[in-house]
Amino acid sequence: MLADQAAEHALHERVVQRQGEWARESRGLVDPPLPSDMLQPWEIWDRDLFDLEMIRVFGRSWVWLGDTEDLEKPGDYITGRIGAQPVVVIRQQDGSVKGFLNNCRHRAAGLAFEPAGHCNALACPYHAWTYAIDGKLLSIPDMDRMYGPDFPKEEYGLVPIRIKVAFGKLVFGCLSRRAPAFDEWIAPLLPRYEQYKIHTYRRYHRELDDVYPINWKAFVENSNDDYHVRFVHRRLNKVRKQMDTIVRFEGRTTSGYKPHSDSFDMSAGRTDLNDRDLRGSYAEFIYPNLTPLPYASQLIMVRVDPLAPDRSRIFSRIYGLTDDIELQNRELDGLAQTNKEDTDMVTQLMENLRSPFYRVGPPSAWEGRAQHMMRMIRQDVATPLDPDEFDGPVDKD
């Protein structure tokens with residue numbers, strides 16, 4: 001076993017042992033008559049578990065990073081994170097889009113620091129190693145004196161990652177070379193998403209970006225919970241037929257369809273979608289951390305970025321067919337209110353789940369999506385990365 005694989009295994013063993021000890025020692029005060037797959041207290045606060053999730057969940061997953069509106073010209077870039085790993089995506093001279101770890105190969109310093117920008121090259125601010133936009137190492141100051149004439153400069157380019165520009169618009173990245181292609185990753189959603197013509201949607205003029213004292217999985221669970229919507233977001237009950245919600249989960253995606261009331265029309269005059277998609281909307285999820293909310297004329301994207309066991313960033317954008325800034329602001333303010341309602345509730349749950357003695361109840365039929373995602377996360381956490389997880393080409397998608 002390689003040293004890094006041994007460390008990963010040891011981390012997993014510590015997590016399993018400690019969670020077993022916590023479960024045994026704190027048993028008895030709350031004695032649930034039914035089993036539950038929902039998040040338990042020890043899964044929210046444990047640092048070793050969080051570190052393992054960064055390896056085994058995010059190390060093998062596709063993560064939404066941004067969109068092509070920031071990647072119009074060669075040298076344009078966007079930055080992001082896949083779990084704990086910073087990445088950068090750059091438009092190339094030939095028009096293609098490539099992604100790399102956003103780390104200098106020397107001492108891990110960052111190379112691109114703005115959410116979006118333009119560069120002719122990437123220079124490390126620490127020791128001035130400089131890279132071309134295609135990742136090649138261009139220069140090291142005083143290289144011969146510092147390393148000698150035999151330094152393998154050609155082997156120290158930026159580390160590439162897989163990139164997928166989905167639907168002509170949305171940019172996703174993946175560290176693993178073994179994970180399925182992106183289209184397979186979202187296969188249950190793919191046919192409908194292709195019908196939306198997302199490439200024609202335009203990004204609204206501002207985004208929502210805040211940090212909250214919550215565990216990323218608690219937000220994932222909430223995003224996949226169709227049960228709470230009637231109560232936490234009761235202001236929306238007048239525009240949705242909540243009791244007609246249809247819940248679906250398959251593979252790495254989930255979907256909760258919400259028919260709209262007869263007086264609520266989000267079609268924007270479109271007639272090229274089926275009646276269900278014109279007369280309703282979806283609360284969906286793409287594993288491991290993205291909540292897309294598609295409408296006939298709009299796509300809301302909400303991503304939870306894990307920062308620590310008790311801290312997450314919630315990043316949201318809206319894409320749509322309107323250029324009306326006043327309308328955009330109303331819809332962005334509505335999304336901000338929805339996010340606040342969710343994060344206020346999840347923050348309260350986080351505080352109450354500090355108790356190691358509590359045990360959560362069983363999921364309802366409308367929490368099946370959340371149960372499915374919790375099972376998937378636990379399965380990934382229990383499964384070591386393949387020894388060749390990061391071997392192979394990055395341009396197969």
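Tabulated values for the structure
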| item | result |
| --- | --- |
| Cα gyration tensor shape of segment 222-276, rounded if a/c is under 1.5, else prolate or oblate by comparing a/b with b/c | oblate |
| By average C-beta atoms within 10 angstrom, highest first, the peptides 157-164, 333-340 | 157-164, 333-340 |
| LYS73 paired with ALA187, simple spin-label distance in nm, labels 7 Å along Cα-to-beta-carbon | 4.2 nm |
| Per-residue [θ]222 nm for the chain (sum of -39500 (n - 2.57) over DSSP H runs n ≥ 4, rounded to 500) | -8500 deg cm²/dmol |
| For ARG177, residues with placed amide H under 5 Å, excluding near neighbours | PHE390, ASP391 |
| Tail weight of P(r) past 15 Å, computed on alpha-carbon pairs of segment 71-167, percent | 59 percent |
| Between segment 48-104 and segment 240-294, the alpha-carbon center distance in angstrom | 28 Å |
| Efficiency of FRET between ALA116 and TRP22 - r from beta-carbon atoms, R0 35 angstrom, step 0.05 | 0.25 |
| Per the chain, cysteines lacking a partner by the 4.7 Å Cβ criterion | CYS119, CYS174 |
| Most mobile listed residue (VAL165, VAL30, VAL16) in the chain, GNM with C-alpha springs under 10 Å | VAL30 |
| Mean Cβ neighbour count within 10 Å, used as a protection proxy, ranking 36-47, 144-155 highest first | 36-47, 144-155 |
| Under 14 Å from LYS153, Cα to Cα: aspartates and glutamates that are on another chain or at least 8 residues apart | ASP142, ASP144 |
| Set of segment 313-336 residues, backbone N closer than 11 Å to the point 7 Å along the Cα-Cβ line of ARG202 | 320-325 |
| Choice from ILE314, ILE140, ILE186 with maximal GNM fluctuation in the chain (Cα, 10 Å cutoff) | ILE140 |
| Using a Förster distance of 41 Å, the FRET efficiency for ASP262-GLU326 (Cβ separation, nearest 0.05) | 0.95 |
| FRET E, pair LYS241, ALA123, Förster distance 45 Å, beta-carbon r, rounded to 0.05 | 0.20 |
| For the chain, diffusion coefficient by Stokes-Einstein and Kirkwood Rh (Cα), 25 °C, 0.890 mPa s, µm²/s | 108 µm²/s |
| Cα centroid of segment 133-150 to Cα centroid of segment 152-209, whole Å | 32 Å |
| Gyration tensor verdict on segment 298-396 (Cα atoms; rounded if a/c is under 1.5, prolate if a/b is larger than b/c, oblate otherwise) | oblate |
| Gain in span if fully extended, ALA10 to TRP45, counting 0.36 nm per residue against the direct Cα distance | 10.7 nm |
| The chain - charge dipole about Cα centre, Lys and Arg +1 at Cβ, Asp and Glu -1, debye rounded to 20 | 600 debye |
| Cα lying deepest toward the dipole's positive end in the chain, options PRO141, TRP22, ALA116, charges on Cβ | TRP22 |
| Sequence-separation-based contact order of segment 182-380, relative, with Cα cut under 8 Å and 6+ spacing, percent | 30 percent |
| Most mobile listed residue (TYR319, TYR156, TYR77) in the chain, GNM with C-alpha springs under 10 Å | TYR156 |
| Distance in nm between pseudo-label sites at GLU194 and ASP275 (7 Å out along the Cβ direction from Cα) | 2.5 nm |
| Positive-end extreme of charge dipole, the chain - chosen from MET243, MET373, LEU175 (charges on Cβ) | MET243 |
| Residue pairs, from the table LYS258/LYS340; LYS164/LYS258; LYS73/LYS217; LYS73/LYS340; LYS169/LYS258; LYS164/LYS340, whose Cα atoms sit over 27 Å apart | LYS164/LYS258; LYS73/LYS217; LYS73/LYS340; LYS164/LYS340 |
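Quick note: the coordinates plus some simple rules give every number you see, no bench work behind them. Nothing here was measured: the structure is a model prediction, and the numbers come from that model. Ideal geometry is used to build each Cβ from the backbone, glycine not excepted, and the neighbour counts take in all protein chains shown.
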